[in-house]
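The values are calculated or read from the model by the stated rules, or taken from the named source; none is laboratory data. The model shown is predicted, which means the values in this text are computed figures rather than measured ones. Please note: Cβ atoms are built from the backbone with ideal geometry, for glycine as well, and neighbour counts cover all protein chains shown.
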Amino acid sequence: MPESKVLIIDDEEEICWFLKKILARENIEAKFSYTGTEALKILKDEHFDVILLDFRLPDLNGFEILEKLKPLNVLEDTDIIMMTAYGDFQTGTEAINMGCYDYIAKPFNVENLLFRVKRAIENVNLRKKVKMLTPSFKPGFENIVGNSDKMQKIYRIIRKIADKDTTVLIEGETGTGKELIARDIHKNSKRKDNIFIPLNCGALSETLLESELFGYEKGAFTGATSRKYGILETANNGTVFLDEINNASLNVQTKLLRFIETGEFMRVGGNKIIYCNTRIISASNETLEHLVNEKKFREDLYHRLNVVKITVPPLRERAEDIPLLIDYFLDMYNKKFGKNVKINKSAVSYLTEYHWPGNVRQLKNMMQSLVLLNETGTIKPDDLPGNILKDDILWEQERLPFKQLKEKIISSFEINYLKNILKRTKGNVSKAAKISKLNRKNFINKLKFYNIDPSEYKSS
């Protein structure tokens with residue numbers, strides 16, 4: 001039995017039957033309508049995962065149908081792919097800004113169409129899963145957001161070890177939220193009413209790191225005019241989070257090992273043994289085991305730190321959490337800036353498909369900027385940074401056949417080139433053709449092919 005349903009809205013009967021047939025081969029159920037009015041009636045009673053919507057219909061155009069669909073809340077659980085005339089790049093872009101998931105030019109390549117439909121179905125299924133899990137996306141934790149299987153595994157580990165006084169090693173790429181996990185371990189432990197102190201080992205020299213950890217006595221070195229208590233001593237009965245522990249020198253590693261084994265240390269320049277009961281949670285943006293093999297990290301310290309290991313996945317490996325994080329940061333920055341900005345579903349799709357080299361931190365900073373700078377009340381694809389939109393081409397590069405991708409890139413280049421040169425010449429076709437070194441007739445044919453009107457650039 002088909003698990004997905006598609007509604008085809010097109011006034012060409014042959015196209016409707018053809019699409020229904022090829023979708024059936026992929027185990028996708030399809031229904032069709034020849035007019036927008038009829039389609040709206042169908043959508044009041046039936047749910048579809050994807051709608052293939054032809055822009056030009058006998059009674060309504062695609063934009064008018066999109067406007068009439070908004071009160072029906074169809075766009076929440078359905079993705080729309082607009083079918084436009086070949087080269088009508090502007091209509092496709094406007095369709096996406098109005099809430100369409102994607103667009104495709106007619107006549108289309110069957111493989112390309114199936115690829116886009118399947119991708120839309122995957123996107124809808126992802127939203128359904130997020131929606132189902134949303135009420136419990138912060139299961140007892142204050143800082144972590146995510147419902148993916150990988151994050152659920154982390155939640156289970158935290159529940160098991162938070163109240164046990166073991167060392168914890170958190171490994172993951174920069175920006176994945178290792179400190180947030182450490183804070184939630186502390187807040188769910190019996191030490192929660194005592195202090196939590198984070199320290200970035202990678203930001204300090206060997207001497208400064210040693211002083212920060214263990215403190216120093218008056219006169220220990222030039223400038224030590226009074227005793228200083230280190231964070232291990234300050235956080236007695238609490239938790240210290242040592243971020244980027246992989247950058248600690250071998251000398252500091254040796255002293256830290258002794259503290260973890262015995263709870264004892266001496267301040268720099270001191271001769272008195274001090275004992276304190278401080279829990280150590282450490283983090284590394286490199287795999288410590290590899291550093292041990294390269295003799296860059298003490299093996300005995302590694303085993304002491306690694307009683308429990310939590311591996312935080314990069315954001316690209318838990319894409320189903322991205323819509324949740326977007327909503328979380330959107331709410332956070334709307335409250336912070338006193339705004340009520342929403343985000344277009346198509347923009348969410350672009351953000352979900354981006355590879356996020358800077359992980360959650362990059363997404364957080366981007367959402368802050370998007371909310372702060374937004375003037376329309378809605379974040380749309382046009383508002384996103386260029387690298388996000390360009391990444392969509394890279395994403396498709398891995399999935400589209402060579403010929404299809406080549407055609408798409410060439411069409412995009414030609415449209416942008418023609419529009420830019422018409423802007424420069426203020427719509428003067430002869431001058432634009434001369435600059436481009438194209439025959440005037442060929443230049444005009446390209447404008448017609450892409451439905452570009454030179455008169456629109458007369459006043460540019």
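A few remarks follow.
- When residues of segment 44-77 are limited to those that are in contact with a helix residue (DSSP H, G or I) (Cβ under 7 Å, 6 or more places away or on another chain) and of a type in the set (Val, Ile, Thr), the one surrounded by the most Cβ atoms within 10 Å (Cβ to Cβ): Val50
- Extreme residue, modelled with the highest pLDDT, among residues of segment 450-460 that are exposed (fewer than 15 other Cβ atoms within 10 Å of the Cβ) and of a type outside the set (S, T, N, Q): Asp453
- Yes/no for Gly219 being at positive phi and either assigned by TED's automatic domain parsing to the domain that holds Thr174 or of a type in the set (Asp, Glu) (or both): yes
- Residue within segment 239-251 that is modelled with pLDDT under 95, among the small types (Gly, Ala, Ser) and within 29 Å of Thr311 (Cβ to Cβ) present: yes
- Hits in segment 198-225 (condition: surrounded by fewer than 16 Cβ atoms within 10 Å (Cβ to Cβ) and out of contact with any Asp or Glu (no Cβ under 9 Å at 6 or more places or on another chain)): Ser205, Glu206, Thr207, Leu208, Lys218, Gly219, Phe221, Thr222, Gly223, Thr225
- Some residue of segment 315-328 being closer than 24 Å to Asn246 by Cα, touching an Asp or Glu at 6+ places or on another chain (Cβ under 6 Å) and surrounded by fewer than 19 Cβ atoms within 10 Å (Cβ to Cβ): no
- The residues on offer are Leu315, Leu325, Leu232, Leu291, and the sole one that is within 28 Å of Lys190 (Cα to Cα), in contact with a helix residue (DSSP H, G or I) (Cβ under 7 Å, 6 or more places away or on another chain) and either at pLDDT below 95 or not assigned by TED's automatic domain parsing to the domain that holds Thr352 (or both) is Leu232.
Matching residues to (1) of a type in the set (D, E, K, R); (2) farther than 14 Å from Asn344 by Cβ:
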{"residue": "Leu53", "(1), (2)": "no, yes"}
{"residue": "Arg56", "(1), (2)": "yes, yes"}
{"residue": "Leu60", "(1), (2)": "no, yes"}
{"residue": "Ile80", "(1), (2)": "no, no"}
{"residue": "Tyr101", "(1), (2)": "no, no"}
{"residue": "Phe115", "(1), (2)": "no, yes"}
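- Of all residues in segment 342-359, those that are crowded, with 21+ Cβ neighbours inside 10 Å and closer than 10 Å to Ile388 by Cβ total 4.
- Scanning segment 156-183 for residues that are part of a helix (DSSP H, G or I), farther than 21 Å from Arg304 by Cα and in contact with a helix residue (DSSP H, G or I) (Cβ under 9 Å, 6 or more places away or on another chain) returns a single hit, Leu180.
- Given (1) surrounded by 17 or more Cβ atoms within 10 Å (Cβ to Cβ); (2) aliphatic (A, V, I, L, M); (3) more than 18 Å from Ile273 (Cβ to Cβ), index of the condition Leu232 fails: (3)
- Considering the conditions (1) surrounded by fewer than 18 Cβ atoms within 10 Å (Cβ to Cβ); (2) modelled with pLDDT under 90; (3) not in a helix (DSSP H, G or I), Leu400 is excluded by exactly one of them, (1).
- Residue list for segment 337-373, restricted to those being among the charged types (D, E, K, R) and at pLDDT 90 or above: Lys339, Lys342, Arg361, Lys364
- Filtering segment 121-141 for residues that are among the β-branched types (Val, Ile, Thr), at pLDDT 80 or above and within 30 Å of Met82 (Cβ to Cβ) leaves a non-empty set.
- When Phe115 is tested against the conditions (1) surrounded by 19 or more Cβ atoms within 10 Å (Cβ to Cβ); (2) assigned to a helix (DSSP H, G or I); (3) at pLDDT 80 or above, the lone failure is (1).
Residue by residue, here is whether (1) assigned to a helix (DSSP H, G or I); (2) surrounded by 13 or more Cβ atoms within 10 Å (Cβ to Cβ); (3) free of Cβ contacts under 8 Å to residues at least 12 places away in the same chain; (4) outside the structural domain of Thr84 (by TED's automatic domain parsing) holds:
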position	(1), (2), (3), (4)
Asn416	yes, no, yes, yes
Gly427	no, yes, no, yes
Ser430	yes, no, yes, yes
Ala433	yes, yes, yes, yes
Phe443	yes, yes, no, yes
